[in-house]
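Engineer: Here it is: the structure, laid out below.
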Amino acid sequence: MSVKVVYFAWLRERIGKPEETIDPPAGVTTIADLAAHLAGLGEEYAYAFENPSIVRAAIDRVHAKPDAPIAGAREIAFFPPMTGG
Amino acid sequence: MSVKVVYFAWLRERIGKPEETIDPPAGVTTIADLAAHLAGLGEEYAYAFENPSIVRAAIDRVHAKPDAPIAGAREIAFFPPMTGG
Amino acid sequence: MRPTVADARTSPVIRVQSEDFDVAAEIAALAGGRTDIGAIVTFTGLCRDEGGRLAALELEHYPGMAEGEIARVAQEAARRWPLTGLVAIHRYGLIRPGENIVLVVAASAHRRAAFEAADFMMDFLKSRAPFWKREHPREGGAGAWVEAKDEDEDALGRWD
Amino acid sequence: MRPTVADARTSPVIRVQSEDFDVAAEIAALAGGRTDIGAIVTFTGLCRDEGGRLAALELEHYPGMAEGEIARVAQEAARRWPLTGLVAIHRYGLIRPGENIVLVVAASAHRRAAFEAADFMMDFLKSRAPFWKREHPREGGAGAWVEAKDEDEDALGRWD
């Protein structure tokens, strides 16, 4: 199962790309699992996810908590706390 | 000591005039005294001041409580609770 | 050259008038050319027809006291919140459904101050500014004076 | 013929755009021709120069999610308060000091609903809508991303 992963703001900058397609290994079933998996993909990912507790996520453009299951997701986003308004 | 007295809204309508000059008798020293004095000036005044607890007052264009002294006032106003805004 | 602009930046702008006002013009006068304003809140109060019952509202006011009382409320708002501008305009005379009655504009570096100052202004204008509304029924005849609501007086307790 | 006017009256108007907006036009679209609106509150958020330090803010957003998330907040506001109209517009891209960033317009028969709905919208937009601000310092160089404030997250507790 492959899924589109998108990054915003400083996560995008640290990882060095706005989006990519990821094929999560078995056992990666939640947002938190996916973040941990991504953090192991290289230095730039480790830097982006160095403080996972402040990274926010969305599944198919709806906010998602770390324990949200990712099965069936088409697009998963990671981004810093929002600063709009 | 004579003082200009002005009326607004239904107090003005009940009394039948927007303003007049009053020469309060001795012993009339507060807003409440003046309201009581006015209430005795005739049927229209009695009607205007029939419920003195809801009548508001101002001395020289500043809100004044019933026990406010009227000595030295140039203009005293009586009016219903305000409904602006 | 543009005195109202200068006034808006230094002290509250207070107007009591029969003419309509222009929200966009008031915002522009307050904020034009400035780079220290982060938040502008406007409140516009309009005349409702109460389900078709009313042809108009007539607003009587106490000239002289109305301006002074609004200015006192505005000065208190400026004392309580760090504002970069404050405007309060209240109309009098005959006002038809859909027309403007009152405008408050509050500007600040931060949004909470702007919201609270505008809210405070409206609560105190309603209960302190010497204006009285009379209804003009669509069916004709002398309409009733609008009665003050206890909830308006109660609302002042929010700011103790 | 004028679809945005019809929309404003029946459901929240949500826009995410790089262009500026016009507060007066949004008020007119919401209220024009109506006689059941008693109160309109607008909130405009503007770019500050932070004491001359900033040349601009750059706003990045998540297209698709931004509109959806603002719409969800607006629907919640419309559920909580008896509104007669609600508009939320959020800009993205490069925004210079003094320029507009965000607009909320809330209309209701009564003033408390309009104030609270606008205030609620801003609290939730700040913490839920996927926008990120980056500073462009006047001195040049790559600016820092603005950090979220705990107080913004804390503010949500006001509405529990």
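Please treat every number below as a calculation from the coordinates, not as lab data. Source: prediction; values computed, not measured. Cβ placement follows ideal geometry from the backbone for every residue including glycine, while neighbour counts extend to all protein chains displayed.
Engineer: What are the radius of gyration and Dmax of the stretch A:3-79, computed over its Cα atoms and given in Å?
Structural biologist: 11.0, 29
Engineer: Separate question: In peptide C:99-107, what is the residue-averaged number of other protein chain Cβ atoms found within 10 Å of each Cβ?
Structural biologist: 2
Engineer: For chain A, give the share of DSSP beta bridges that are antiparallel, in percent and rounded to the nearest 5; count only bridges with both residues there.
Structural biologist: Working: 12 of 16 bridges.
Antiparallel bridges make up about 75 percent of those DSSP assigns within chain A.
Engineer: Give a residue-ordered list of calculated ³J(HN,Hα) values for the stretch C:103-110 (Karplus: 6.51 cos²θ - 1.76 cosθ + 1.60, θ = phi - 60°; whole Hz; x for Gly, Pro).
Structural biologist: 9, 10, 10, 10, 10, 7, 5, 10
Engineer: Separate question: Please tell me the relative contact order of the stretch B:3-79 in percent, rounded to the nearest whole number, where contacts are Cα pairs under 8 Å and at least six residues apart.
Structural biologist: Averaging sequence separation for qualifying contacts and normalising by length gives 39 percent for the stretch B:3-79.
Engineer: Sticking with this one: Show me the GluC sites (Glu not before Pro) within the stretch C:63-160 that DSSP assigns to loop and that have at most 10 other Cβ atoms within 10 Å of their Cβ.
Structural biologist: C:E139
Engineer: Which trypsin sites (Lys or Arg not before Pro) does the stretch D:76-160 hold that lie in a coil by DSSP with at most 13 other beta carbons within 10 Å?
Structural biologist: Passing both the DSSP loop test and the Cβ count: D:K149.
Engineer: Run the dipole for the protein assembly as shown about the Cα centre, Lys and Arg Cβ at +1, Asp and Glu Cβ at -1, nothing else charged, and hand back the magnitude in debye, nearest 20.
Structural biologist: 540 debye
Engineer: Count neighbours as other Cβ atoms within 10 Å of each site's Cβ, and list the GluC sites (Glu not before Pro) in the stretch A:22-52 that are DSSP loop with at most 13 such neighbours.
Structural biologist: Answer in residue order: A:E50.
Engineer: Show me, for the stretch A:7-20, the HN-Hα J-couplings you get by feeding each phi into the Karplus relation (A = 6.51, B = -1.76, C = 1.60, θ = phi - 60°), rounded to Hz, glycine and proline as x.
Structural biologist: Once rounded to whole Hz, the list reads 10, 10, 6, 6, 5, 4, 5, 5, 6, x, 8, x, 6, 6.
Engineer: Treating the angle as unsigned and between 0 and 90°, give the value, to the nearest 10°, between the Cα long axis of helix D:65-80 and the longest Cα principal axis of chain D.
Structural biologist: 40 degrees
Engineer: Under a Cβ-Cβ cut-off of 14 Å, what is the net charge of the residues other than C:K126 that fall near it, where Lys and Arg count +1 and Asp and Glu count -1? Walk me through the intermediate numbers first.
Structural biologist: On the way: positive: B:R56, C:R128, C:K133, C:K149, C:R158, D:R111, D:R112; negative: C:E69, C:D119, C:D123, C:E147, C:D150, C:E151, C:D152, C:E153, C:D154.
With Lys, Arg at +1 and Asp, Glu at -1, the neighbours total -2.
Engineer: List the distances, in nm and shortest first, from the label point of A:E75 to the matching label points in every other copy, placing each point 7 Å from Cα along the Cα-to-Cβ direction.
Structural biologist: Those separations, rounded to one decimal, come out as 6.5 nm.
Engineer: Which lysines have a Cα lying under 29 Å from the Cα of C:K149, excluding residues fewer than 8 positions away in the same chain?
Structural biologist: The qualifying lysines are B:K17, B:K65, C:K126, C:K133.
Engineer: Let me ask you something else. I need the calculated FRET efficiency for the pair D:R53 and D:L94, taking r as the beta carbon distance and R₀ as 22 Å, to the nearest 0.05.
Structural biologist: 0.85
Engineer: Nearest 20 debye, what's the magnitude of the dipole of chain D about its Cα centre given +1 on Lys and Arg Cβ and -1 on Asp and Glu Cβ?
Structural biologist: 540 debye
Engineer: Considering Cα pairs under 8 angstrom that are at least six residues apart, work out the relative contact order of chain D and quote it in whole percent.
Structural biologist: Relative contact order comes out at 30 percent.
Engineer: Between copies, how far apart are the C:A28 label points? List them in nm, one decimal, shortest first, with each point 7 Å from Cα toward Cβ, please?
Structural biologist: The projected label point of C:A28 is separated from its counterparts by 1.2 nm.
Engineer: Compute the acute angle (0 to 90°) between the alpha-carbon long axis of helix D:111-128 and the principal axis of greatest extent of the alpha-carbon atoms of chain D; round to the nearest 10°.
Structural biologist: 40 degrees
Engineer: Compare the Cα positions of C:F124, C:V104, C:A148 along the charge dipole of the stretch C:95-160 (+1 at Cβ of Lys, Arg; -1 at Cβ of Asp, Glu; about the Cα centre) and return the one farthest towards the positive end.
Structural biologist: Going by the charge dipole, the pick is C:V104.
Engineer: Here is a follow-up. Taking a label point 7 Å from Cα toward Cβ, how far is B:M1 from its twins in the other copies, in nm, shortest first?
Structural biologist: Shortest to longest, the spacings are 8.8 nm.
Engineer: If Lys and Arg each add +1 and Asp and Glu each add -1, what is the summed charge of the other residues whose beta carbon sits under 13 Å from the beta carbon of D:E69?
Structural biologist: +2
Engineer: If amide hydrogens are placed 1.01 Å from N in the peptide plane, which non-local residues have theirs closer than 5 Å to the one on C:T84?
Structural biologist: For C:T84, whose amide H was placed from the backbone, the distant partners under 5 Å are C:A107, C:S108, C:A109.
Engineer: Continuing with this model, one more query. In the neighborhood of D:G93, defined by Cβ-to-Cβ distances under 15 Å, what is the net charge if each Lys or Arg adds +1 and each Asp or Glu adds -1?
Structural biologist: With Lys, Arg at +1 and Asp, Glu at -1, the net is -1.
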